[in-house]
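Every read-out reported here was derived from the displayed coordinates using simple, explicitly stated rules and does not represent laboratory data. The structure displayed is predicted, hence computed values, not measured ones. Cβ coordinates were reconstructed from backbone atoms using ideal geometry, including for glycine residues, and neighbour counts include every protein chain displayed.
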Amino acid sequence: MSANDPRLKSFVDSAQGSDFPIQNLPYGAFSTVNDSKTRIGVAIGDFVLDLAALDGAGLLPKIAPPGIFYQPTLNDFMALGPAAWSGMRLAVSELLRHDNAKLRDDAVLRQRAITPRAQATLHLPIRVAGFTDFYSSREHATNAGIMIRGPENALQPNWLHIPIAYNSRASTIVASGTPVHRPKGQIKPPDAPPIFGPSRRLDFELEMAAIVGAPSKMGHMISVAEAQASIFGFALLNDWSARDIQAWEYVPLGPFQAKAFATTLGQWIVPAEALEPFRVDGPKQEPQPLPYLQQPARMNYDIDLEVDLRPGGSNSASTISRTNFKYMYWSSAQQLAHHTSSGCAMSVGDVLGSGTISGPEKGMYGSMLELAWGGKEPMTLEGGVTRTFLEDGDMLTMRGVARGKDYRIGFGEASGEILPAT
Ligand code: MN
């Protein structure tokens, strides 16, 4: 039976109908008060299943060397390749089934290996090798282009031919929940020389991260199909952005410090295999992409996304955006294939940011730049507070769920609070 079979049930009762059913099994890194060493687990219902503990008890298959999950990142496991990812997921699924007594009836091991998620502290689950941020939502690129250049030239001439991207910083990708200090940088006031100071137009970008699990060799280009198979999984991503710093610095080489200060990765990496039932066609690509970018199958994903903003000093959050990953013009597989097209080597633990995910309507935009239209149309939140950009004390939380007929696949959250500039 496939690990995606909708009939599967877990003996962990809270799994059924939750964001973390037995068909999900997303990976995370966690520690507890009783064991402060960060190790790898999977979310199941209201719990984390400790893979290091299962390994120690001899319950995991020999496809991975012992101790592979008793470390703070998934990189060594990802490096084993797609057959191991699939084999391990199936083995963990089997151990969690309601009709398998092995773990279910071992009270001592269950006590050790199954921890309430509320008692677990989550950490960054990968060692980020590189971070490339794409710009692949046509709606977002069009909105940003209208604000910068006007509606006639909103999309640059290359946009429909190339998945546009820039090389960003791996060093400042942080775990969900990590506070983010307002960045400082050069800002150019109109009709005055540039100043150096805290950003006044601090924004978020709602994105998905594709996590590269299979490396590619320098000098070797991979196909879109090979790229799809090289993606270990997906997580939420907030690519925090300082619009005023960006506006002054981005000519001619693209964003630099405006996005280098912090990027928040979501709590859980959902295996690409768990998302197979949610693959859909993306928007029609016209003109037809060059042959190396053509897709042999559906490679977008139907994943509902939302963004909550809780203003500093308030206890209530407002949902400011609801959109879907399926709107992306270029898929993650096309992005990855393009990334290797020059012979660029990809590494285990590379993160590909999808680019800001904006849908076709207002309310479906993935940044405050678009939601409040460059500061011209302030958003009104619950309690009457207004926002054009993020203020100190604001808490931003992203969530994602793929909804099927029989179950849903959740991503947990990617959250961060804005602290004053240091
Ligand atoms: Mn971005």
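Ratio of alpha-carbon Rg to the 2.2 N^0.38 Å globular estimate for the range 130-419, to two decimals, please. Kindly include the intermediate steps, with their values, before the conclusion.
Values: Rg = 18.3 Å, N = 290, 2.2 N^0.38 = 19.0 Å.
Here the Cα radius of gyration is 0.96 times the empirical estimate.
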Answer with one residue from 163, 83, 140: the one whose Cα lies farthest towards the positive end of the charge dipole of the chain, charges on Cβ with Lys, Arg +1 and Asp, Glu -1.
83
Under 23 Å from residue 259, Cα to Cα: lysines that are on another chain or at least 8 residues apart
184, 188, 376
Separation in nanometres of the label points that stand 7 Å from Cα toward Cβ, at residue 379 and residue 220
4.4 nm
Rank these for me by crowding, 376, 217, 188, going from fewest to most other beta carbons within 10 Å.
376, 217, 188
In whole Hz, with x marking every Gly and Pro, tabulate ³J(HN,Hα) for the range 165-174 from phi via Karplus 6.51 cos²θ - 1.76 cosθ + 1.60, θ = phi - 60°.
7, 9, 7, 9, 9, 7, 5, 10, 7, 10
With Cα atoms, 0 to 90° folded angle of helix 82-96 axis to the chain main axis
60 degrees
Cα-only Debye scattering, the range 351-422: base-10 log of I(q)/I(0) at q = 0.13, 0.25 Å⁻¹
-0.53, -1.31
Value of [θ]222 nm, deg cm²/dmol, for the chain, DSSP H segments ≥ 4, -39500 (n - 2.57) each, nearest 500
-4500 deg cm²/dmol
Filtered trypsin sites (Lys or Arg not before Pro), the range 242-334: DSSP coil and at most 16 other beta carbons within 10 Å:
284, 298
If we sort 224-233, 171-180, 355-364, 377-386 on the protection proxy, mean other Cβ atoms within 10 Å, highest first, what's the order?
224-233, 355-364, 171-180, 377-386
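Just order 149-158, 395-404 by mean Cβ neighbour count inside 10 Å, highest at the front, would you?
In descending order of packing, they fall as 395-404, 149-158.
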How far apart, in nm, are the 7 Å Cα→Cβ label points at residue 184 and residue 281?
5.3 nm
Mind giving me the FRET efficiency for residue 302 and residue 192? R0 is 60 Å, r the Cβ-Cβ distance, nearest 0.05 is fine.
0.80
Is there a pair in 217/326; 284/326; 217/284 whose C-alpha atoms are over 21 Å apart, and which pairs would that be?
217/326; 217/284
Determine the dipole magnitude for the chain: charges of +1 sit on the beta-carbon of Lys and Arg, -1 on that of Asp and Glu, nothing else is charged, the reference point is the Cα centre, and the result goes in debye to the nearest 20.
380 debye
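Between residue 153 and residue 316, how high is the FRET efficiency from 1/(1 + (r/R0)^6) when r is the Cβ-Cβ distance and R₀ = 35 Å? Nearest 0.05.
Calculated value: 0.30.
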Using a simple spin-label model with points 7 Å from Cα along the Cα→Cβ vector, what separation in nm is obtained for residue 406 and residue 160?
4.1 nm
Please work out the C-alpha center-to-center distance from the range 71-150 to the range 189-251 and express it in whole Å.
20 Å
